[in-house]
1. Please list, by residue number, everything in region 157-193 whose backbone N is under 20 Å from a paramagnetic label point 7 Å out along Cα→Cβ of residue 588.
2. Given 0.36 nm per residue, what is the gain on full extension from residue 80 to residue 399 after removing their alpha carbon distance, in nm?
3. Which of the lysines could a cross-linker span from residue 104 if the Cα-Cα distance has to be under 16 Å and same-chain partners fewer than 8 positions apart are dropped?
4. Output wanted: per-residue J couplings in Hz (rounded whole) for region 461-474, from phi through Karplus 6.51 cos²θ - 1.76 cosθ + 1.60, θ = phi - 60°, x for Gly and Pro.
5. Please go through the residue pairs 195/264; 536/565; 197/221; 287/367; 505/598 and name each one whose alpha carbons sit more than 19 Å apart in this structure.
6. Given 0.36 nm per residue, what is the gain on full extension from residue 50 to residue 220 after removing their alpha carbon distance, in nm?
7. Give me a comma-separated list of calculated 3J(HN,Hα) values for region 380-395, in order, Karplus coefficients 6.51, -1.76, 1.60 applied at θ = phi - 60°, integers in Hz, x for any Gly or Pro.
8. So if R0 is 30 Å, what FRET efficiency would residue 352 and residue 171 give, r being the distance between their Cβ atoms, rounded to the nearest 0.05?
Amino acid sequence: MTGGMGRAGGSLLAGIAIFLLAWTGTGWANDIQVTATVDKTTLSLEDSIQLSITVRGSQSAETPELPPLPDFRVISTGTSSSTQIINADIQVSLTFSYQLLPLKEGQFTLRPARVVVDGKTYSTEPIPLTVAAPRNTGRARNVEAFVETYVSNAKPFVNEQVVYTFKLYRKADAQNLNLDMPYDQQYFRKMDLGKSKRYTQVINGVEYEIHELSVALFPIKPGRVELPPALLEMDLLYRSRQGFPGRSPFDPFFDDPFFGSRSKIEHKVLRSKPISLEIQPLPEKDKPANFSGLVGQFDISESLSKTELETGDTTTLTLTLTGTGNIGDAANPMRSLDRQGFKIYEDQPAVETSIHDTRITGKKTFKLALVPTVPGTLTIPPVVLNYFDPRENSYRRAETGPLTLKVLPGRESESLHLADSNLPVPQSGEGDVKILGKDILPIHTRLSDFEDQSLTASETWVYLALLLLPAVLYGMVLIRERTQQRMKVNPAYYRSREAFKLFQKQLKGLSPVSGNDPRPFVRELSQIVREYIGNKLNLKGTAFTSVEVESRLKERHIQPDQAAKARALLEKYEALQFAPVVQTDKSRLIDESIEVLKELERIA
């Protein structure tokens, strides 16, 4: 029995030796090959391309440098590695995956990508691509899904609220929705209008599930401007009933996407049509000299907390502005109040907004503390607000009535009268204290004996500090010991704890930008941030996707908006690396990265 085990052990060792010999010899002798492949070369604007760059013969390749792709949106979807052993020949490969979303129709050529492997640069072959118009779009066709966008007014005035609405119509189930509604920030300011709506509607006899989202855009300056197409990425889920003619209680369970035999997932990219707007300047005719800049419909009211008081006392003057429009931009119309006879102290305004029928309505409250300095009857003049009403295409005036304040003279201060004692001074010996006896406790006869002997505040703090110091020192030592022990036995904890320090150190060593191409700078900054995220979340390497990072952060109960910021930052790096050369504000990009990472450091 022992001999059998010896022979088996010898065979195992021999097998391991043969494997190691093959690994160190034949396996790494293969030539390195770099290839680029796509899952399709002809597609529509509703589809996407899966681009795979594969390095065979090595697993130490650097991240590929993609060619400029101005007509595509590029998203990195991760990295995978493979090792195969065929007849003692080890074949290794490393694949970098990308998703390309076409932005317009036409014939394109995907130019060679470059990959550095062991210090040597390899290039892929060019790939021709054809992008066609969507096959079926709009509500006139019986399609599985389509999108629409529209605005409430195509000819708004400057500062007039424009409601920009996006609608998704779908028959099939959808998941992994990602909506982008771009706009020109040089022409608009944006405000959210709450959560999206969801309802059903029958179009041409077909029932659609509709998702509706609206935002408010406020034009900043006049001119013609175009809202680019809104872009929605999603996975449509087609459920199959083949082989299951009847419904059963288990249908919801088997309808899960995990059971791929009963459902088909199709990745779709839906685009709306661009929208042209003509932003009109506010008319100069009849424009008031003290125009507030507000555009909409507004009203004002005014009140005093006290209408009768004494000099030196305080009353609060409150002005309330209500209406529909850019109410947050309103300046305090009471700043020009005549200060003669008053001392005036201005408080911070308070703004409350709400949404009614996709219109932003609100209230802005201004408060002034008035301290009258002279007695008499003082009049606070009316407050006038001039605004532009786009519905009437004219300037309007809102005005309060005058307020009267009665100020009484202040009360005179009472003087403190000091009086000397009229009692006669006792003669010598007549008023002496006589000792009648002695008690157990001593009788205090000196004035110093009655001084306060209690500790002062500073002395109390010193005694408390000395009393608590040993316990604090013991606690600090105990925490330090436990931290060091945890760092020894838990590498993930050590990586997470030291992640931000390493990021700050690497950021100081960030290479300066040379030339007009900022992409090397963005690539290096992206690598530094990815190393931080990998250390913070205990991820292997830096080849994770932005979607994976967002999912991991949510698993740690990070707020969804913070997780979305981290995902958006990584996608921004990718866009700057793979887009054509554009001007990039490096300092602003660094500040944005630090802000996102500091927030993760605080809450992760």
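1. In region 157-193, the label zone of residue 588 (backbone N under 20 Å from the point 7 Å along Cα→Cβ) covers 181-191.
2. Result: 107.9 nm gained on full extension.
3. The reachable lysines, counting only those whose Cα sits under 16 Å from residue 104, are 268, 273.
4. Running phi through 6.51 cos²θ - 1.76 cosθ + 1.60 with θ = phi - 60° gives 5, 5, 5, 5, 5, 5, 6, 8, 4, x, 5, 5, 4, 4 Hz.
5. From the list (195/264; 536/565; 197/221; 287/367; 505/598), the Cα-Cα distance tops 19 Å for 195/264; 197/221; 287/367.
6. That works out to 57.2 nm of additional length.
7. So the J values, rounded to whole Hz, are 8, x, x, 9, 10, 10, 9, 9, 10, 9, x, 5, 8, 6, 7, 7.
8. After rounding to 0.05, the efficiency reads 0.15.
Read-outs throughout are calculated quantities, based only on the coordinates presented, and are distinct from any laboratory measurement. What you see is a predicted model; the values in this text were computed from it and never measured. Backbone-built Cβ (ideal geometry, glycine too); neighbour counts: all protein chains shown.
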